[in-house]
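Working notes for the structure below.
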Amino acid sequence: NAGVTQTPKFQVLKTGQSMTLQCAQDMNHNSMYWYRQDPGMGLRLIYYSASEGTTDKGEVPNGYNVSRLNKREFSLRLESAAPSQTSVYFCASTIQGAYAYEQYFGPGTRLTVT
Amino acid sequence: AQTVTQSQPEMSVQEAETVTLSCTYDTSESDYYLFWYKQPPSRQMILVIRQEAYKQQNATENRFSVNFQKAAKSFSLKISDSQLGDAAMYFCAYRDPYNNNDMRFGAGTRLTVKP
């Protein structure tokens, strides 16, 4: 099993450009998440999808959109990138309702917006 | 909203020694789950240990153990016989069982292991 995969691993954008971060999991998990990691702030939830066809905002959703394409895939889109969106982005998945179980994380995408 | 606090931005330990990383959290719930994740330089988040709040017994996983003090809302991680491979960022996390999507992370503690 590949677990949770993310593409790309690194990306540099200019202010105003758009891009989509891709995430896929092969563990048959229902729930998927997008986080951003900034120094001194831990991980903060951007958006999540409890199940296929549903998405909801997390703690820091402004400037982002998401699509739950199917059970396996959950993408994060930046429509007009800003320097404040420079961060490391993590996708994660878990079994819905299995609260005792951890979230499984992808390897992250380091995004720099200049 | 629940908050998770890790008061030690950096810690260091001598190889083979023991180190304890601190974590406190704020919640009004009585039932919840706590986790410690390790993030090595590769950036991959790896689960180290988990604790269910309804269990009084502290969780252990080989050289890793926790000191869970529910009344004090404290969840510290003890690493025994520290190894060079333990060097990483460690994140404490709280999960709300009534909200599948509410998992809060602390700011992290960077652990250095000295040979």
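Listing for the model above:
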| item | result |
| --- | --- |
| B:N58/B:E17 FRET efficiency (R0 30 Å; Cβ-Cβ; nearest 0.05) | 0.90 |
| Of B:F35, B:Q14, B:M45, farthest towards positive along the dipole that unit charges on Lys, Arg, Asp, Glu beta carbons give region B:4-49 | B:M45 |
| Ranked packing of B:53-60, A:79-86, A:103-110, A:63-70, most packed first, by mean Cβ within 10 Å | A:103-110, A:63-70, A:79-86, B:53-60 |
| Hits among aspartates and glutamates - C-alpha to C-alpha of B:K78 under 18 Å, sequence gap 8 or more where chains match | B:E10, B:E15, B:E17, B:E52, B:E61, B:D86 |
| Ratio of the Cα radius of gyration of chain A to 2.2 N^0.38 Å, where N counts its residues | 1.00 |
| DSSP-loop chymotrypsin sites (Phe, Trp or Tyr not before Pro) across region B:70-99, with at most 10 other Cβ within 10 angstrom | B:Y98 |
| Average beta-carbon neighbours from other chains, 10 Å sphere, peptide A:101-108 | 6 |
| Test item: B:45-58 mean partner chain Cβ contacts at 10 Å | 2 |
| Cα centre as origin, Lys/Arg/Asp/Glu Cβ charges: chain B dipole, Debye | 100 |
| Those aspartates and glutamates that a straight Cα-Cα span of less than 17 Å connects to A:K14, excepting residues fewer than 8 apart in one chain | A:E79 |
| Charge sum, other residues only, whose C-beta stays under 10 Å from B:R104's C-beta, Lys/Arg counted +1 and Asp/Glu -1 | -2 |
| Around A:Q11: net Lys/Arg minus Asp/Glu count, Cβ-Cβ under 13 Å | +4 |
| Surrounding net charge for A:V66, when Lys and Arg each add one and Asp and Glu each subtract one, Cβ distance under 12 Å | 0 |
| Set of lysines with alpha-carbon distance to B:K73 below 23 Å, sequence-local pairs under 8 removed | B:K38, B:K55 |
| Cβ crowding within 10 Å averaged over residues, with B:102-109, B:40-47 ranked highest first | B:102-109, B:40-47 |
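FYI, it's all coordinate maths here, none of it is from the lab. As the structure is a computational prediction, the values presented were derived from the model and not from experiment. Neighbour counts run over all protein chains shown; Cβ positions are idealised from the backbone, glycine included.
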